[in-house]
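The values are calculated or read from the model by the stated rules, or taken from the named source; none is laboratory data. These figures come from a predicted structure and were not determined experimentally. Positions of Cβ are generated from backbone atoms using ideal geometry, with glycine treated the same way; all protein chains shown enter the neighbour counts.
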Amino acid sequence: MRRFSSLSMLAFVIILLLLGCGPEESITAGEIMSKVRETWEGAVDIHATWELTLDVGVIQDQLVVEIWRKPPDKLRAEVLEAASVEFRGMTLVSDGTQAWLYNASRHEVTAGEPDSVRLPLVQDVMESIDELLRTADVGQVKLLGTEKMPAGEGYKLEMPYLDGGRALLWISKEYWVPLKVEYTGQTLGKGTLVARSLELNTGLSDDIFVFETPADAQLVTHDTQHAAGAKSQALTLEEARARAGFPLLVPAYLPEGVTLVNVFQLDEAIAFNYDGPAPFTIVQSRSEAIAQVPQTGTAQRIALRGTEATLIADEAQGGIFLAWSENGVNISIAGAISVEEALKVAESLG
């Protein structure tokens, strides 16, 4: 009888193990972050290809970006795929003292110091994730479990994002690097990064960080205050007016309960972020990037402010997109606001 019980228990344990119901691994969120930081900070070089989804108000895109990085300050980033024309073929190269940004859609190369010449939005997101890995408060990191992904099994972690938002990270159990990141924040909106490939310490040559100007490209210069690819940052309204380079329009009308929560600069654009029962974002820029119509919904042309505007309304899903140009400035309104209210906001701009 005793032998039968032992055999039954052994069989039961084997079945549990086969079904994957064995004991949970005894590892904490803090121990995972410690291993990640040891791996990340100890890397002599990083080569990765990321699928990146960006959603910053009306600026939305889906990209594939290949990154080469050699600490402390060498970087190369190439946009292999993008939904918008503005991002397609963009290449940033920095050797640590000089940086070059090639805009393939404009056939332009901007050269300058690395802090002033940047890959718009993409570089901001990458740097924010890098900073998160290095500086996140371990006491606020939660281990939610494990998940299987195409690149391998990973630990799923939840932690505060740097600007008051939230981030989910999937960390490789084998290599201790991020396989996927989902984030929401006040400045960079929301987005997702998924690693197609990620390798460390491959011995990258310094030749990768040498820029060769394409034959069809024109060299352009910008002052440091309005440099191409300037880092996204929160501003006061007065600072935004000073940096815009054109007269900013501010709405005199807002839906009931809606207030301005922040103003920030996104490359060449100034964005007003409003929150409340009908949250929305107003973006203004001389760049054509924000004037591109999203690939969702049916666009219609309407009369607005003495010109013609593009309107995409999907109020069943709680969102609209409204865009037009006046006086050489492209203006967009997007968010969970009704068409009627969005038109009132637009007409009140001054």
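Listed by first and then second residue, the pairs linking a residue in region 334-350 that is touching a residue at least 24 places away in the same chain (Cβ under 8 Å) and farther than 12 Å from Ala313 by Cβ to a residue that is assigned to a helix (DSSP H, G or I) and among the acidic types (Asp, Glu), with Cβ atoms under 9 Å apart and 6 or more places separating them unless they lie on different chains, form an empty list.
Within region 26-44, count every residue that is over 17 Å from Leu179 (Cα atoms) and touching a residue at least 24 places away in the same chain (Cβ under 8 Å). The qualifying residues number 4. Residues in region 162-199 that are under 21 Å from Asp61 (Cα atoms) and either outside the structural domain of Ser34 (by TED's automatic domain parsing) or not in a strand (DSSP E or B) (or both): 4 in all. Within region 91-105, the residues that satisfy the criterion of being more than 25 Å from Trp40 (Cβ to Cβ) and crowded, with 16+ Cβ neighbours inside 10 Å are Trp100, Leu101, Tyr102, Asn103, Ala104. Applying the set (1) assigned to a strand (DSSP E or B); (2) within 16 Å of the chain's Cα centre (by Cα) to Ser84 leaves exactly one unmet item: (1).
Is it true that Trp100 is in contact with a helix residue (DSSP H, G or I) (Cβ under 8 Å, 6 or more places away or on another chain), farther than 29 Å from Ile282 by Cα and either among the aromatic types (Phe, Trp, Tyr) or without any contact (Cβ under 8 Å) to a residue 40 or more places away in the chain (or both)? The answer is no for Trp100.
Every test in (1) more than 30 Å from Ser287 (Cβ to Cβ); (2) crowded, with 16+ Cβ neighbours inside 10 Å is passed by Pro72 save one, and that test is (2). Just name the residue that is surrounded by the most Cβ atoms within 10 Å (Cβ to Cβ) out of those in region 140-158 that are closer than 15 Å to Val36 by Cα and in contact (Cβ under 8 Å) with a residue 40 or more places away in the chain. Ranking the qualifying residues of region 140-158, first place goes to Tyr155. Once region 87-106 is narrowed to residues that are assigned to a loop (DSSP other than H, G, I, E, B) and over 14 Å from Asp61 (Cβ atoms), the residue that is modelled with the lowest pLDDT is Arg106. Of the residues making up region 256-279, one or more are modelled with pLDDT of 90 or more and touching a Pro at 6+ places or on another chain (Cβ under 6 Å).
Here region 315-327 is the region considered, the condition is being in a strand (DSSP E or B) and closer than 15 Å to Pro279 by Cβ, and the residue that is modelled with the lowest pLDDT is Gly319. Total residues in region 164-200 satisfying the condition of being farther than 19 Å from Val65 by Cα and surrounded by fewer than 16 Cβ atoms within 10 Å (Cβ to Cβ): the figure is 3.
Looking across Leu133, Leu169, Leu143, one residue alone is within 30 Å of Tyr274 (Cβ to Cβ) and modelled with pLDDT of 90 or more. It is Leu169.
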